[in-house]
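Here is the structure we will look at, set down as structure tokens.
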Amino acid sequence: MPRKVNVITTCFQEESIMGSLPEDNLQKAVNMLDAFTDLQPDLICFPEVFLKSGSTDRKEVSDEITQQTYRALSAQAKRLNSYIIASVHEWIDGKKYVAAWVFDRGGQLAGKYLKHHPTDYEMKEDGVTPGSEVPVFDTDFGRIGIAICFDIGYPEIWRTLKAKGAELVAWLSAYDGGFPLEAHAWMNAYYVISSVRTDHAKVIDKTGKVLASTSKWGGWAARTIDLEKQIFHIDHQYGKLLDIQSRLGSKVSIESFSQENVFTLESNDQAWPMARIQEEFQLETNRDYHMRAEQAQKDKR
């Protein structure tokens, strides 16, 4: 079946809020969540250590504010019937981590990710300890992974998330990230949702195409994505597209990428899940096409 997911990502426009206190940033997050009510979100993302956005000092966020943040996000996840992912500094067994909390639709903590690759500065000057696990999280719409800021520079994390079945990766950061996020999305054929303390948080397609973005004038972006969307190579298949469009009409969305020699298909009808479309029109995914070619190459060597 099509798996349509309403995602909302946020940015905190740090330059415009210099001098903000943690409680100011918590209130900003709550105000955003209040405004999202009618959008019926399935997933909402907040940036890396968002309570420190615009901070001009290195003072630790108090445990009281951190716990208040936990309670507020938990309550909002339950009220909105939405998953919420947000990052804070968290002390665990006497060590400081950059953590990402995952709240489920009932407001329960479904899991957490501890930043695998903090920067040298974070470790030496801020006392952050690197995490050791790269988990994926099961939701009622699919499997999600999380990466945080400097993790962007380590492709093995992104490949590990793919190998563990991630269909969407939330990247929470202090800065925008730019084109490497699009590369990670394309190389691993999953959606990437970035959430940043700067200006440009994005919803990035499996093809690496930016579907939606925040700006310095708008602190959130909403988009409906379909985790069942598939990427296909044009070889031996491009001629089928007109037939698919003619027979299925608005039941399917087709987008072609001529420079990359691929096209995507997305179902808009519960009666036509992607598996049925692939079987009906004898379509081979881009991944399967490459795997078949690899096997033929091995056989020829």
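Rule-based calculations on the coordinates, nothing more; no lab input. As the structure is a computational prediction, the values presented were derived from the model and not from experiment. Note: ideal-geometry Cβ built from the backbone for every residue, glycine included; neighbour counts use all protein chains shown.
Listed values, structure above:
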item	result
Viscosity 1.306 mPa s, 10 °C: Kirkwood-radius Stokes-Einstein D of the chain over Cα pairs, µm²/s	78
Cα-centre dipole for the stretch 4-226 with unit charges at Cβ (Lys and Arg positive, Asp and Glu negative), debye to 20	460
Cleavage-rule hits (GluC sites (Glu not before Pro)) in the stretch 88-135: DSSP loop, at most 14 neighbouring Cβ within 10 angstrom	E133
Beta bridges by DSSP in the stretch 4-226, antiparallel share as percent, to the nearest 5	60
Helical contribution to [θ] at 222 nm, DSSP H n ≥ 4, -39,500 (n - 2.57), averaged over the chain, rounded to 500	-9000 deg cm²/dmol
Spherically averaged projected area in nm², based on the convex hull that wraps the Cα atoms of the stretch 168-301	10.0
Furthest towards positive pole of dipole, A293, I146, A163, structure part the chain, Cβ charges	A293
Cα-Cα P(r), the stretch 230-300, percent of pairs per 5 Å interval	3, 16, 27, 24, 15, 8, 4, 2, 1
Relative compactness, the stretch 144-221, computed as alpha-carbon Rg over 2.2 N^0.38 Å	0.99
Reach of K162 by Cα under 25 Å, taken over lysines that are not fewer than 8 positions away in the same chain	K4, K112, K115, K202, K206, K209, K229, K298
Partner lysines for K59 [C-alpha distance under 19 Å; skip if fewer than 8 residues away on the same chain]	K95, K96, K124
Loop-located trypsin sites (Lys or Arg not before Pro) in the stretch 201-264 whose Cβ has at most 16 other Cβ within 10 Å (DSSP)	K209, K216
Label zone at Q270 (point 7 Å along Cα-to-Cβ), backbone N below 13 Å, the stretch 1-31	1-4
Zone residues, the stretch 57-93, relative to E23, backbone N less than 15 Å from point 7 Å out along Cα-to-Cβ	61-69
Alpha carbon centroid spacing (whole Å) that separates the stretch 221-291 from the stretch 84-118	36
